[in-house]
Amino acid sequence: MLEPWEVKIDDSREEDSKKVFIIFCEDGAVEPAYFETFKRKDVHVSAFGNKKQQHAQVDFATEYFRKGGLLEVIEVNGVIQEILKLDDGAQAWCVYDRDKEPNDGKDTAFNDSIVTANSKGIKTAWSNDNFELWILLHFEDVDIQNHEYLSRKKYYERLTEILKQSFPHEAKFQNQRFDYYTTLKSKENFIRYTYQLMKGSIDVAVQRAEKLEAIHLTNPPKAIHLHCPCTKVHWLVKELRS
């Protein structure tokens, strides 16, 4: 696990130094496992799993960098704020979901968490409704007019169907246990099954994510929590691959 002091600014930074990505993940299995697949000789990925949701995750990331002495206190228009100080080869990201429940009253908190993170120089790769939307986009387009896709339940259903079709012998052997939400969200099963199917389709997933994003942006201005189905994970993936 990369420590805060390992990403401090260094004036003697070599031209061939690694790019560094510090990624805070809501999920403790699939998300860290996925982002770690982007590690290369010149790219270091340190993915923190189980780091809470939305504002709680942004607060965790803020405290992590504060303890490492990587937050600079500045004054902007009379307001004191903290700004992340990393060298040009390092980026910090928070990856979390809306995870909407009926009448949960968390729309404003979700929107504010994005603003708060960005104001500190921490980038966000949020998903609405959740990260599995990004995974699903590797396999098929999502109909924004279909209200079923406002919920992660639909993503789980489609991923289960896709995986069963792709691994019929495993599905038959495991029967009801071969279910994305119930058993395939572990790190081991994600890498063994889901990742093997999706790893060759990153470009098309990015295109589909961009298409969803553009649809929301071309409509009259609306709050971020209304951008659903939508994911920003493709922005982080493009940085990891650049």
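Overview of results
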read-out	value
Neighbour-limited loop hits for chymotrypsin sites (Phe, Trp or Tyr not before Pro), region 183-228 (at most 16 other Cβ within 10 Å; DSSP other than H, G, I, E, B)	none
Label-point separation, ILE83 to ALA56 (7 Å along Cα→Cβ), nm	3.1 nm
Cross-link reach list, lysines versus LYS123, counting only Cα pairs under 20 Å and skipping chain neighbours closer than eight places	LYS8, LYS18, LYS19, LYS39, LYS51, LYS52, LYS67, LYS85, LYS232, LYS238
Difference of contour (0.36 nm per residue) and Cα-Cα distance, ALA214 to SER119	31.9 nm
Estimated dipole of region 18-141 in Debye, rounded to 20 [Cβ of Lys and Arg +1, of Asp and Glu -1, Cα centre]	640 debye
Area of SER186 that stays accessible when all protein chains are in place (1.4 Å probe, Å², to 10)	50 Å²
Among PHE48, LEU137, ASN111 - extreme Cα towards positive end, dipole of the chain, charges at beta-carbon	LEU137
Mean separation of Cα contacts under 8 Å, 6 or more apart, over the residue count of region 126-213: relative contact order %	36 percent
Charge-dipole axis of the chain as Lys and Arg at +1 and Asp and Glu at -1 on Cβ define it, positive-most pick from PRO168, SER151, ALA61	PRO168
Debye, to nearest 20: dipole size of the chain, +1 on Lys, Arg Cβ, -1 on Asp, Glu Cβ	580 debye
Exposure of ARG66 as accessible area (Å², to 10), given a probe of 1.4 Å and all protein chains	110 Å²
Over 29 Å [Cα-Cα, the chain], rounded percent	32 percent
Size of charge dipole - region 68-153 - debye, nearest 20, with Cβ of Lys, Arg +1 and Asp, Glu -1, no other charges	200 debye
Long-range amide H partners of LEU71 with built H, under 5 Å	LYS85
Calculated [θ] (222 nm, deg cm²/dmol) that DSSP helices of n ≥ 4 give over the chain, each run adding -39,500 (n - 2.57)	-11500 deg cm²/dmol
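The values are calculated or read from the model by the stated rules, or taken from the named source; none is laboratory data. Because the structure is predicted, anything quoted here is derived from the model rather than measured. All Cβ positions, glycine included, derive from the backbone under ideal geometry; neighbour counts span all protein chains shown. Heads up: the accessible areas ignore ligands, DNA and RNA and are worked out on the full protein's heavy atoms, side chains in. Shrake-Rupley method; radii C 1.70, N 1.55, O 1.52, S 1.80 Å.
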